[in-house]
Amino acid sequence: MTAPLEGPVIVGISAHFHDSACAVMVGGRLIAAAHEERFTRRKQDPGIPREALRHCLREAGLTIADVDCIAYYEDPAKKLDRQLWTALPDVPETGPHALFRFDADRPRREIREVLGFDGPVEIVEHHLSHAASAYYFSGFEDSAVLTVDAVGEWATTTWGRGTGADLDLLDEVEFPHSLGLLYSTITGHLGFEVNEGEYKVMGLAPYGVPRYADRVRELIDVTADGKFSLDLSYFDFRNPAGMGSERLAELLGLPPRMPESEIEQAHCDLARSIQTVTEETLLALAHRARRLVPSDNLCMAGGVALNVVAVRRIVEEGPFRDVFVQPAAGDAGGSLGAAAVAHRRLTGQRPSSERMRTALLGGAVPPSDVARKLRAAGTDGFLDFTDREPELLAAVAERLAAGKVIGWVHGRMEFGPRALGGRSILADPRGADTRDRINASVKMREGFRPFAPAVLAERAAEHFRLDHESPFMLETCEVVSPLDLPAITHVDRSARVQTVTEEANGRFYRLIKAFDERTGCPILLNTSFNLRGEPIVWTPEDALLCFLRSAIDCLVLEDFVIDREALPEVWRTWFENTRPSRGSAVSDTVYTLL
């Protein structure tokens, strides 16, 4: 692939906290973006994205010598100021390695020494990067902008205005007052990993009732004008053992849950309570955005914008006609925003004004490479459908209709946390035991966690209460299908929908179409192709290993199909002896209350 446009080549970088990533823009157009974790296989890899940069430049047909500017997604000096204010008293007790984090020169130094770039470096503040990642890729000519996360340099929430090429931040809430940290504190109290387990809290919430909501509201004061502050007596953000103070457990009347221990009804109720308060707060922030910026449009980014239930409430109850959420709304997406801001600074012009239609921004593996790697792995037991896509789709649709779970690798890799048909695990959404089976023996994760449906866009309204496109799985809606869809319907009758078009999704759309023609169901269960605690797969080797270590029935690698029974005997023996086993994290009591 060669660069399709003339103009400055700008690389955006996010790194040194979690989920580092790289994005490449040419002439104001986004060409490629990728997470470092996909290449290093280290979940949420925070390191400078050396491998992601190589990958994105190769995808763009460029080298480091072609790059005009690298943009970094936060201000290291301002971040250091906040880090020292927060943690300096504890540094001597944490060991000399902790000092490496307190190094404002590290980003520039590693851009020079690790990435090998000696050109100009633009520093873009964290929440401006978030805001730009949403506004400049929304397609709006004007918009209010709301960014909410744990913390950047000092800001934790910002309100902004986008008009044409201009983007300005108007107001902010500063650390330690943070809606993201409030949610993460309760996430940790519930025994889940912070920066990863927030999705689990959101999935657990519908199993409970908000009986702790009034106590959670005592933790945060939301004023009439839509700003907020935390009661800091309940928090200790410098404590590595947990961000809540002793007063938090006293207030809640619920001790911290030990990780991997049984989940009780009280934990479900606390999850529902923090989710309820978060939704209320985000609605207040959205109303303030409208008062500050009288636009019909809202752009959202920051990790809290990935709370799909809250986003749905903003869409349905908020004061805006159109809401755009950046599909990589967390820190990884800051690389897109930093690159966009740098383009604006260098050229005086807005990046491409088209709406972002796809998150398939990583590279693809040529089918010829897949065949070579399969043979090198020692198996000839695959079906080759080269140049026979209709037959491939018919074979896969037949397996899906028979209840098989499919590992699916095709085309470009997704950017962001969602699998969108590039690196997905697929199944029939009508299977009564499909969700439990995939959670227990494929994803190896908690049984309460829901799965998402991918639906033909033109058929979405028949099955979901959804009147607009949802290509990135960024909001929930009610399931209204005449079909019984237990595998993708959550306990509250909701689903996190992906609408699929042929233009944006190609072969994945045609697969769902083939499944619909066979079954009368234009929907597939779609979840990310990875095991619990691991990044989404990238290479054929990654996919093969995930296939072996799980109970996936069939692996589709581009034009090739491998059924489990066709694996060499030695592979199947190894699989049976090494496959991990994890039980459900939801107690029997919870299930009986559904």
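Simple rule: put +1 on each Lys or Arg Cβ and -1 on each Asp or Glu Cβ in the chain, find the dipole, and look at Ala289, Val194, Val216; the Cα lying farthest toward the positive end is Val194.
Fully extending the segment from Glu218 to Asp384 would add 53.7 nm, taking 0.36 nm per residue of separation and subtracting the current Cα-Cα distance. Each peptide in 142-155, 551-564 was scored by the mean count of other Cβ atoms within 10 Å over its residues; highest first, the order is 142-155, 551-564. At full extension, Ala461 and Glu391 could sit 22.3 nm farther apart than now, given 0.36 nm per residue minus the alpha carbon distance.
Label reach from Thr347 (point 7 Å along Cα→C-beta): in the range 47-78, amide nitrogens under 20 Å belong to 56-73.
Helix-only arithmetic for the chain: the sum of -39500 (n - 2.57) across DSSP H runs with n ≥ 4, divided by the residue total, places the mean residue ellipticity at 222 nm at -10000 deg cm²/dmol.
Remark: Glu475, Glu174 ranked as Glu174, Glu475, counting other beta-carbon atoms within 10 Å and listing the fewest first.
In this calculation the C-beta distance from Glu354 to Arg112 is compared with R0 = 35 Å, giving a FRET efficiency of 0.55. On full extension, the segment bounded by Trp85 and Glu193 gains 36.4 nm, given 0.36 nm per residue less the C-alpha separation.
Packing-based ranking of 31-37, 112-118 yields 31-37, 112-118, ordered from highest to lowest mean Cβ neighbour count within 10 Å.
Cβ crowding within 10 Å ranks Ser353, Ser233 as Ser233, Ser353, fewest other Cβ atoms first. Cross-link candidates for Lys43: which aspartates and glutamates have Cα within less than 12 Å, leaving aside residues fewer than 8 places away along the same chain? Within the straight-line cut-off, Lys43 pairs with Asp19, Glu196, Glu534.
A simple spin-label model places the labels of Glu517 and Ala402 1.9 nm from each other, with each point 7 Å out along Cα-to-Cβ. Considering only alpha-carbon pairs that sit under 8 angstrom and 6 or more positions apart, the relative contact order computed for the chain is 15 percent.
Classify the range 367-592 as rounded, prolate or oblate from the Cα gyration tensor: take a ≥ b ≥ c as the square roots of its eigenvalues, call it rounded if a/c is under 1.5, otherwise prolate when a/b beats b/c and oblate if not. Judged from the Cα gyration tensor, the range 367-592 comes out oblate (a/c at least 1.5, b/c at or above a/b).
A Förster radius of 22 Å, combined with the Cβ-Cβ distance separating Glu141 from Arg29, puts the computed FRET efficiency at roughly 0.75. Near Ser528, the amide H atoms lying under 5 Å from its own belong to Ala419, Ile425; only residues 5 or more places off or on other chains count, and H is placed 1.01 Å from N. Each other residue within a Cβ distance under 13 Å of Ala271 adds +1 if Lys or Arg and -1 if Asp or Glu, for a net charge of -1. With θ taken as phi - 60° and the Karplus curve 6.51 cos²θ - 1.76 cosθ + 1.60 applied, the whole-hertz 3J(HN,Hα) list for the range 70-83 is 10, 10, 9, 7, 7, 8, x, 5, 5, 5, 4, 4, 5, 4 Hz, x standing for glycine and proline. Once backbone amide H atoms are built at 1.01 Å from N, Arg29 has Ser352 as its partners under 5 Å, excluding neighbours fewer than 5 places away on the same chain. Each residue of the range 259-276 is assigned a 3J(HN,Hα), and the resulting list reads x, 6, 7, 4, 8, 9, 4, 4, 5, 4, 5, 5, 4, 5, 5, 5, 5, 4 Hz, derived from the Karplus form 6.51 cos²θ - 1.76 cosθ + 1.60 (θ = phi - 60°), x at Gly and Pro. Applying 1/(1 + (r/R0)^6) with r as the Cβ-Cβ distance of Glu246 and Arg42 and R0 = 22 angstrom yields a FRET efficiency of 0.05. Which label belongs to the value computed from this structure, given these candidates for Cα Rg over 2.2 N^0.38 Å: [x] 1.78; [y] 1.00; [z] 0.94? After the calculation, the listed value that fits is [z].
Between Ala432 and Arg532, the modelled label-to-label distance comes to 2.5 nm, taking each label 7 Å out from Cα in the direction of the beta carbon.
Along the range 320-327 the Karplus relation, 6.51 cos²θ - 1.76 cosθ + 1.60 evaluated at θ = phi - 60°, assigns HN-Hα couplings of 10, 6, 9, 10, 10, 10, 4, x Hz to successive residues, with x for each Gly and Pro.
Rule-based calculations on the coordinates, nothing more; no lab input. All of these numbers come straight from a predicted model, not from anything done at the bench. Because the Cβ atoms are built from the backbone with ideal geometry, glycine has one as well, and the counts that use them run over all protein chains shown.
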